[in-house]
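These notes are about the structure you will find just below.
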Amino acid sequence: MIINLDQWDPGNIIRCDLCIAGAGAAGLSIALQFIDDPQIDVVILEGGDRNFSHSSQEIYQGRNLGIAYAALDTSRLRYFGGTTNHWGGWCRPLGLMDFEVRSWVPNSGWPISQKDLAPFRPEAHQILDLGGLDYTPESYIREAAGLFPFDPNLLTHKLWWVSKPPTRFNSKYWPALEKAESVTLYLNANLTNIHTSPDGNSVRRFEVLTNRGKRLQVQSKQYVLALGGLENPRILLNSRSRHPNGLGNQHDLVGRYFMEHPHGPFGEMLIERDLDKGFGYPQRWGHDGFPRRLSICVSETAQRDFKILNHSFTLLNLSTVRGKSPGIRALLDLTGTMEDNHPDDFWEDVRALLRDIEGAAKGVYNMVLGHEVPPQKTIIYTRCEQSPNPDSRVVLIDEIDRLGLRRIGLDWRLTQLDKHTMRTATQILARELGRQGMGRVKLPEWLLTDDADEWPEELIGGGHHMGTTRMADDPRQGVVDRDCRLHGLENLSIAGSSVFSTSGFANPTLTIIELALRLSRHLKEQGF
């Protein structure tokens with residue numbers, strides 16, 4: 001059932017067995033696990049509507065206090081389906097080493113391991129419309145052209161499955177919720193406060209404010225926050241009725257350890273052959289109909305030897321892409337073979353293709369016959385792990401939004417270890433290319449300095465907000481326990497990438513779903 005609170009009055013109290021705040025990837029994945037269980041009454045609270053609106057999106061505004069970052073209301077979406085409405089579809093699991101305590105990485109280590117999430121991967125793939133479960137690159141390599149023969153002790157290849165077109169939870173799961181009898185989705189239901197029992201050991205109710213100004217409460221047996229890596233800490237810090245420093249913040253950890261995946265061009269490479277024809281690095285469709293990508297990654301051996309973080313490279317031959325006619329660019333975009341393709345631009349690409357059908361035809365002819373001039377410049381584009389840093393954090397600022405909540409400030413900070421990793425990893429790639437006579441690499445000046453406060457405008461985040469309610473067995477080291485339950489509260493759990501203890505380099509969506517499915521199982525075992 002779906003109810004729009006702007007059009008319907010449910011009364012002052014909503015009662016249920018499980019209340020989930022947030023209808024994005026994490027929240028909906030949990031709700032789907034109960035949709036066929038008539039014994040469990042589930043409520044989902046979505047602050048936005050079915051479709052995008054500026055009035056809802058405005059709630060996400062905030063202030064950047066640290067390294068230059070995108071406006072906080074542009075990297076996430078506040079309507080049904082959440083940020084899956086504009087995600088890019090890249091998926092791979094975190095590696096074994098990402099979960100381990102690494103002596104050279106302060107605050108590293110999860111209280112769980114990769115094997116604790118692996119059982120949930122098949123269903124996560126189904127939810128995200130991904131291909132097979134084999135993440136070894138051999139199957140892809142058999143279909144692709146030759147790859148750089150790196151020393152495996154230094155560099156390896158990693159495979160990504162790509163949801164193509166990226167699954168939009170908005171359109172895929174709306175029909176199921178319309179027909180659901182035991183799951184009710186409330187739209188325009190803005191969570192504004194979390195009230196606990198007098199002893200502070202359990203949640204008594206979620207306070208909700210409608211856009212018409214009506215206040216109501218949701219009383220449930222179990223509660224889940226699935227609002228995203230910035231909003232999860234925000235609502236905890238704003239819930240101060242019995243907790244002066246914010247709910248779950250007895251050790252001043254809520255909002256700390258904010259992590260991103262630093263993205264950007266970290267070097268230029270001159271090579272002999274066109275990557276589109278001579279190597280297997282661009283996106284390709286497998287025989288099973290699912291697209292895959294390869295990236296170049298620093299090996300676990302090299303991470304240990306050089307004491308660096310996990311790190312990956314994608315090679316972008318921009319000289320050929322930019323040199324193509326509008327028609328062939330549009331065709332490549334539509335077929336998913338360009339790095340920066342966006343499915344939301346489908347009709348724009350169709351129009352461009354029709355306007356330049358002759359250019360598209362010539363481009364295809366030249367590519368088939370191999371008549372294109374090999375590129376002279378390739379960009380080394382990096383996606384890398386960020387070290388867990390307590391000074392990188394989300395805080396509340398004095399500005400108040402229309403719901404009466406304090407907005408957030410994002411103080412994104414990187415460390416010397418982050419820069420050491422970026423420089424060392426790129427130098428390893430450069431040496432390997434030089435050793436084989438395959439090409440030369442030029443590093444940017446900022447990467448050659450040791451100044452941990454010097455970062456270029458080209459350095460961006462991937463819109464991956466992680467770590468702000470991190471997982472740890474010890475409540476002095478994390479906000480939630482290994483089962484994603486808030487330390488000190490028996491019936492409040494947190495879902496999403498805010499519970500990540502470390503980030504690895506892989507996009508977080510697959511791990512978000514795996515953790516959500518694991519949390520669902522835990523809730524079922526715990527009982528209602």
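The values are calculated or read from the model by the stated rules, or taken from the named source; none is laboratory data. From a predicted model like this one, the values you see are computed outputs, not experimental measurements. Positions of Cβ are backbone-derived with ideal geometry, glycine not excepted, and every protein chain shown enters the neighbour counts. Just so you know, the surface numbers come from the protein's heavy atoms only, side chains and all, with ligands and any DNA or RNA stripped out. Shrake-Rupley method; radii C 1.70, N 1.55, O 1.52, S 1.80 Å.
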Inspect the range 66-75 for any residue being crowded, with 19+ Cβ neighbours inside 10 Å and not in a loop (DSSP other than H, G, I, E, B) and give the result as yes or no. no
For the subset of the range 262-279 comprising residues that are among the small types (Gly, Ala, Ser) and at pLDDT 85 or above, which member is farthest from LEU443 (Cα to Cα)? GLY264
Within the range 447-462, does at least one residue satisfy the condition of being closer than 23 Å to HIS261 by Cβ, without any contact (Cβ under 8 Å) to a residue 40 or more places away in the chain, not in a loop (DSSP other than H, G, I, E, B) and not hydrophobic (A, V, I, L, M, F, W, C)? no
I'd like the residue in the range 81-120 that is outside any loop (DSSP other than H, G, I, E, B) and charged (D, E, K, R) and, out of all such residues, is nearest to HIS464 (Cα to Cα). ASP98
Can you name the number of the only condition in (1) within 22 Å of the chain's Cα centre (by Cα); (2) in a loop (DSSP other than H, G, I, E, B) that PRO152 fails? (1)
Yes or no: the range 83-91 includes at least one residue that is closer than 30 Å to HIS420 by Cβ and open to solvent by less than 20 Å² (accessible area, probe 1.4 Å). yes
For the range 110-119, check the following and say yes or no: at least one residue is under 30 Å from TRP412 (Cα atoms), at pLDDT 95 or above, surrounded by 16 or more Cβ atoms within 10 Å (Cβ to Cβ) and of a type in the set (Ser, Thr, Tyr). no
Can you find, within the range 221-260, the residue that is least open to solvent (accessible area, probe 1.4 Å) among those that are among the basic types (Lys, Arg), farther than 15 Å from PRO388 by Cβ and in a loop (DSSP other than H, G, I, E, B)? ARG240
What number of residues within the range 397-412 are under 25 Å from the mean Cα position of the chain (by Cα), over 21 Å from ASN211 (Cα atoms) and surrounded by fewer than 19 Cβ atoms within 10 Å (Cβ to Cβ)? 1
Under the condition of being out of contact with any Lys or Arg (no Cβ under 9 Å at 6 or more places or on another chain) and either within 13 Å of ASN211 (Cβ to Cβ) or at pLDDT below 95 (or both), which residue from the range 3-20 is surrounded by the most Cβ atoms within 10 Å (Cβ to Cβ)? PRO10
Filtering the range 207-217 down to residues that are hydrophobic (A, V, I, L, M, F, W, C) and either farther than 12 Å from THR192 by Cα or surrounded by fewer than 23 Cβ atoms within 10 Å (Cβ to Cβ) (or both) yields LEU209, LEU216
Out of GLN416, GLN427, which single residue is farther than 19 Å from VAL105 by Cα, polar (S, T, N, Q), out of contact with any Ser or Thr (no Cβ under 8 Å at 6 or more places or on another chain) and surrounded by fewer than 20 Cβ atoms within 10 Å (Cβ to Cβ)? GLN427
Number of positions in the range 166-213 that are in contact with a strand residue (DSSP E or B) (Cβ under 8 Å, 6 or more places away or on another chain), outside any strand (DSSP E or B) and under 18 Å from LEU237 (Cα atoms): 2
Going through the range 383-403 one residue at a time, which ones are over 26 Å from SER503 (Cα atoms) and in contact with a helix residue (DSSP H, G or I) (Cβ under 8 Å, 6 or more places away or on another chain)? ASP401, ARG402, LEU403
In the set GLU46, GLU58, which member is among the charged types (D, E, K, R) and under 17 Å from GLY496 (Cα atoms)? GLU46
Would you confirm whether or not the range 123-136 contains a residue that is assigned to a helix (DSSP H, G or I) and either polar (S, T, N, Q) or open to solvent by 60 Å² or more (accessible area, probe 1.4 Å) (or both)? yes
